[in-house]
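As structure tokens, the structure follows; a few thoughts come after it.
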Amino acid sequence: MATASTVCCIDQIGETAGQVWHVLDEGGPRSLAKLAKVIDAPRDVTMQAVGWLAHEEKIDIEETSRGRVISLRS
């Protein structure tokens, strides 16, 4: 059974996923580090939001020599 704080946390992750999607839509691919800096949310919530979008197959994550780059799927 979900508690009120669990639902609130899931809502925050979902809202942050929407922010991530809009940042990528407006600004194009970003490194994971830069994306975390742009989003106005705790880093762990931003990472959970990226995981949410990856699970929903909305983004691609490319491993580069400098880190991971996140982009919207075409």
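The values are calculated or read from the model by the stated rules, or taken from the named source; none is laboratory data. Since the structure is predicted, the reported quantities are computational estimates derived from the model, not experimental observations. Note: ideal-geometry Cβ built from the backbone for every residue, glycine included; neighbour counts use all protein chains shown.
In region 25-37, is there at least one residue being modelled with pLDDT under 95 and either buried (at least 17 other Cβ atoms within 10 Å of the Cβ) or touching a Leu at 6+ places or on another chain (Cβ under 9 Å) (or both)? Yes: one or more hits. Taking the criterion of being more than 11 Å from the chain's Cα centre (by Cα) and loosely packed, with under 14 Cβ neighbours inside 10 Å, the residues of region 6-24 that qualify are THR6, VAL7, CYS8, ILE10, ASP11. Against the criterion of being loosely packed, with under 15 Cβ neighbours inside 10 Å, assigned to a helix (DSSP H, G or I) and either touching a residue at least 60 places away in the same chain (Cβ under 8 Å) or among the charged types (D, E, K, R) (or both), ASP40 does not qualify. The numbered conditions (1) assigned to a strand (DSSP E or B); (2) of a type outside the set (A, V, I, L, M, F, W, C); (3) at pLDDT below 95 are all true for GLU62 except (3).
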